[in-house]
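The next block holds one structure in the form of structure tokens; read it before the comments.
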Amino acid sequence: MKLWCGVMLTACWSGAAVAQTSPLRNLDIFVGNVLSYDDNVFRTPDGVSRPGREGGDWIIEPTVSVAYTRPLARGEVTLSALVSYKFYTDNSQLNRENIDLGARATTALSICDVSPNVNFRRAQSDLSDILDGVNYKNAETRIRAGVGILCGDNIGLRPGVEYQFENVTNSSPLREVSDYRRHTITGRIGYARPAFGMVSVYGRAALGSYPNRPALGPGFPTNDEIKTYSGGIAYQREIGTRLTGSVEIGYMKVKSRPSSIIGIPGTPGSSGLTYAGNLTYRGGDRISATLDFGRDTQQSNLLGVDYSVQTRFSGTLTYALSQVISLNANATHTRRKFKGTSFVGFDPNNPTVPLPINIGSGDKTTQFGAGINFQSFRRLTFGLSGTHFIRNSPVPGLDYTANRVALTTGFRF
């Protein structure tokens, strides 16, 4: 959701100076519209067009967002909601609602800190990930829920456990076969001191499955399980009053159910380094910046892909020229190594012949953008942003470039 706001709603969470604030709560409400132009809606290679579809399009997106934070005696509660609807001028088949709802909390329970969270998101699929070109209209619904428990005091040993559940479904019947579920559990034991922060050793296990995937043949099991095991060391610390951060590094191993049909390979496993990090800098009232990076496995709802090993780097920078005008910039780079079965079905003319698919192992996507925001003292908000997208794929026909310009107008309360 943060990245989506950074690219499309450059003003949706800025301007905290005029939000309703008090020692007990922080409430920010935005009501407005995003008018944008995308010169490559279907993410096609340069010089390629889709029959009956316009490459560029204007998009009108009425939007309402709410963010609410309330501190507790030992912790806080945060609620967020973003609801919008995209209207495409020429490609009305892509008209779709966008819903992003989230809640998280941290509170003390006896000697432990308990942190539940839940998130619901529904939106049109990223068109760069619809590779078959058959049916672009597909709404992805993602539900995430979990809880973390960390026990002990601020000084000494701190054991903890975390559980996270994710369920992803597709509205298109063609893509229901890629619906998936994923359970992740993490155990850790750490050592904490106020001036030092906390260092911990962790172990993590994730079990993913595809409940709608059919069996490869009569009497054969479905290749629907992806198991990931990892472990390593993590460190978290507040470095002064302006810089906070966390980082973890470890080793992961991915196992999948092998094929039971002679001549058809199963999904390959993988192993290697895993890491994640987040740094946030707040330089007073004028400048703030974030840096996120990581390498791990991501279960996939792409056709013919079971999971991907994903490496990502992203950063944002915001600078306030005054109390009403601010500048922002953002950049993201993602590299995916796709892992999957070597086929998506069988030839209808010869049921014994598998249909192969290979979308490569070095898919790279880069995007960078900049924007300017104006927040008047009368609650009126303007934002203008531009974003450039580049994709490089080892598969011919998947490379593309795209540009998007967005104008945000509305009111903040």
### Query
If contacts are Cα pairs under 8 angstrom and at least 6 residues apart, what is the relative contact order of the stretch 124-181 in percent?
31 percent
### Query
What is the Cα centroid distance between the stretch 270-291 and the stretch 105-165, reported in whole angstrom?
18 Å
#### Entry: Residues of type lysines that residue 253 reaches as a straight line, Cα spacing below 22 Å, ignoring anything fewer than 8 places off in the same chain
227, 337, 339
### Message
Computing the accessible area with a 1.4 Å probe over protein heavy atoms, can you report the carbon and sulfur percentage for the stretch 81-193?
### Response
59 percent
## Note on the structure
Taking 0.36 nm per residue of separation between residue 243 and residue 142 and subtracting their Cα-Cα distance, the length gained on full extension comes to 33.2 nm
#### Entry: Two-site label geometry, residue 293 and residue 183: point separation in nm, points 7 Å out along Cα→Cβ
3.5 nm
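Apply 1/(1 + (r/R0)^6) to the Cβ-Cβ distance of residue 64 and residue 271, taking R0 = 60 Å, and write down the FRET efficiency to the nearest 0.05.
On the way: r = 45 Å, r/R0 = 0.75.
Calculated transfer efficiency: 0.85.
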### Query
Which order do 61, 76 take when ranked by solvent-accessible area (1.4 Å probe, heavy atoms of all protein chains), largest first?
76, 61
### Task
Please give the net charge around residue 199, taking every other residue with its beta carbon less than 12 angstrom from that of residue 199, where Lys and Arg add +1 and Asp and Glu add -1.
+3
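Provide the gained length on full extension for the span residue 403 to residue 388, in nm with one decimal, where the gain is 0.36 nm per separating residue minus the Cα-Cα distance. Walk me through the numbers on the way to the answer.
Working: separation 15, 0.36 × 15 = 5.40 nm, distance 0.46 nm.
Gain on extension, residue 403 to residue 388, equals 4.9 nm.
How high is the FRET efficiency from residue 97 to residue 319, r the C-beta distance, R0 51 Å, rounded to 0.05? Spell out each step's value before the answer.
Values: r = 34 Å, r/R0 = 0.66.
Step by step, r from the Cβ atoms, then E = 0.90.
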### Message
Which aspartates and glutamates, if any, have their Cα less than 12 Å from the Cα of residue 86, not counting same-chain residues under 8 positions apart?
### Response
57, 61, 97
### Query
With every protein chain in place, what's the accessible area of residue 86 (1.4 Å probe, Å², nearest 10)?
40 Å²
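At R0 = 41 Å, how high is the FRET efficiency between residue 153 and residue 225 if r is their beta carbon distance? Nearest 0.05 is fine. Before the final figure, lay out the partial values.
Working: r = 40 Å, r/R0 = 0.98.
E(calc), rounded to 0.05, equals 0.55.
Going by accessible area, probe 1.4 Å, with all protein chains left in place, what is the ranking of 104, 204, 237, largest first? Working shown, then result.
Details: 104 130, 204 60, 237 90 Å².
Largest accessible area first, the residues go 104, 237, 204.
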### Message
Between residue 76 and residue 370, what is the label-point separation in nm under the 7 Å Cα-to-beta-carbon projection?
### Response
3.1 nm
### Task
Ignoring everything but the protein chains, give the 1.4 Å probe accessible area of residue 177 in square angstrom, nearest 10.
50 Å²
### Query
Relative contact order for the stretch 274-317: what is it in percent, counting Cα pairs under 8 Å that are at least 6 residues apart?
37 percent
### Task
Average the reciprocal distances over every distinct pair of alpha-carbons in the stretch 278-344, invert the result, and give the Kirkwood radius in Å.
14.4 Å
### Prolate/oblate/rounded call for the stretch 114-253, Cα gyration tensor, a/c under 1.5 rounded
prolate
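The values are calculated or read from the model by the stated rules, or taken from the named source; none is laboratory data. These numbers were taken from a predicted model, which means no experiment stands behind them. Backbone-built Cβ (ideal geometry, glycine too); neighbour counts: all protein chains shown. We work out accessible area using only protein heavy atoms, side chains counted, and drop any ligands, DNA or RNA first. Shrake-Rupley method; radii C 1.70, N 1.55, O 1.52, S 1.80 Å.
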